[in-house]
Amino acid sequence: MPVDLEPLYRAPLAAWVAERKALAAAVKAAGDRDGAAAIGKLPRPTPAAWAANQLWFHARALFDRLIEITRTLGRGDLTAAGEQRAALAALKARAVELCAAIDQPASDAMLAKLDTNLRALAALGWGEVAPGQLAVDLPPPGFDAMSEFSLVAATMPVAAPPPAPVAAPPPRPTLTVVPSPDDAEARRRAEAEAARAEAARAEAQAAYRRRAERVTAARAAERAAQTRAAEAAAALALVRAELDRAELAVADARARAAAAAREVAAAEAALGEPPA
């Protein structure tokens, strides 16, 4: 019986094991014991693999753009390297936001592994894993991911060797290599894009820290309010106990007063009239 695993891989990482257990139980209850056993053996994704899955689900346009740029690089257009860095930075900034939304840390180490996962997925695809269901971190893509570029390089014409010189050549003049304006402009754009991407990442991390601080402050305020509520409840219980004791004292006093009144009435009746 086919089972839709996408809701499981969309679940927050902290709840992933519980969601897997619930899904396995539901499949078993439906009569598919083998399917339930297979689900129970699914490995919990690493934080970086989980983040890559969430970007596939929640930032598909950015993900598809990274794939398109990586294919352009694979065809030998190295001017797209800056665009690739910018796309990776945008995806990692989005991952920080997704982590912050569920109060999950997004460390530099996790983001570095996410960068490698994204590069590998963009170059090589998901392989035997269904899209959005990555569980382990991937190795960096090797030169085999640049197969189209390799073919372009292999088919470039090779210049014929120059004829042997008849006489010794004159001394070569000292040459100064000046980069062309186009190359300098491309580097400038790439550096500017990398700087903007780094600024976006820093801002996303700062926003995450600010949200985390607000969450911490809210939790502290909640604990303080709970403490005050408990103290007020204890004071109320004490007041109610004092009130109960006061009501018992009043009832006792009234009973004593009634008994005294009865004694006075009996004494007066026994006294009778005074002698003449």
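Each value in this text was obtained by applying a stated rule to the coordinates, not by laboratory testing. Because the structure is predicted, anything quoted here is derived from the model rather than measured. Ideal geometry is used to build each Cβ from the backbone, glycine not excepted, and the neighbour counts take in all protein chains shown.
Among 7-13, 128-134, what's the highest-first ranking by average C-beta atoms within 10 angstrom per residue? Numbers along the way, then the final one.
Values: 7-13: 17.0, 128-134: 14.7.
Highest-to-lowest ranking by the protection proxy: 7-13, 128-134.
Sorting TRP16, TRP50 on the 10 Å Cβ count, fewest up front, what's the list?
TRP16, TRP50
Give, as ranges by residue number, the residues of region 88-112 whose backbone N falls under 16 Å from the point 7 Å along Cα→Cβ of HIS58.
90-107, 111
Could you list log10 I(q)/I(0) for region 1-129 at q = 0.12, 0.15, 0.16, 0.21 Å⁻¹, which the Debye formula gives when each Cα is one point scatterer?
Treating every Cα as an identical point scatterer, log10 I(q)/I(0) equals -0.53, -0.76, -0.83, -1.16.
Specify which residue in the list ALA36, VAL17, VAL3 is farthest towards the positive end of the charge dipole of region 1-44, using unit charges on the beta carbon of Lys, Arg (+1) and Asp, Glu (-1), about the Cα centre.
Among ALA36, VAL17, VAL3, the one farthest towards the positive end of the dipole of region 1-44 is VAL17.
Using mean Cβ contacts within 10 Å as the protection proxy, how do 81-90, 265-274, 194-203 order, highest first? Before the final figure, lay out each step's value.
Details: 81-90: 20.3, 265-274: 7.8, 194-203: 14.3.
Highest to lowest by the protection proxy: 81-90, 194-203, 265-274.
Quick one: what are the phi-derived ³J(HN,Hα) couplings along region 51-64, Karplus 6.51/-1.76/1.60 with θ = phi - 60°, whole Hz, x for glycine and proline?
With the stated coefficients, region 51-64 comes to 5, 4, 4, 5, 5, 4, 7, 10, 9, 4, 4, 5, 4, 5 Hz.
Taking amide H atoms as placed 1.01 Å from N in the peptide plane, list the residues 5 or more away in sequence, or in a different chain, whose amide H sits under 5 Å from that of GLY76.
Excluding prolines and chain starts, which carry no amide H, the hits are PHE149.
As a footprinting exposure proxy, order LYS92, LYS41, LYS21 by other Cβ within 10 Å, with the fewest listed first.
Numbers: LYS92 23, LYS41 8, LYS21 12.
In increasing order of surrounding Cβ atoms, one gets LYS41, LYS21, LYS92.
Could you size up the charge dipole of region 46-150 around its Cα centre, putting +1 on the beta carbon of Lys and Arg and -1 on that of Asp and Glu, and report it in debye to the nearest 20? Don't skip to the answer; put the middle values down first.
Values: 9 positive and 12 negative charges, 27 e Å.
Roughly 120 debye for region 46-150.
Step through the residues of region 69-84 one at a time and calculate ³J(HN,Hα) from phi using the Karplus curve (6.51 cos²θ - 1.76 cosθ + 1.60, θ = phi - 60°), rounding each to whole Hz and writing x for Gly and Pro.
5, 5, 5, 4, 4, x, 8, x, 8, 6, 5, 7, 4, x, 5, 5
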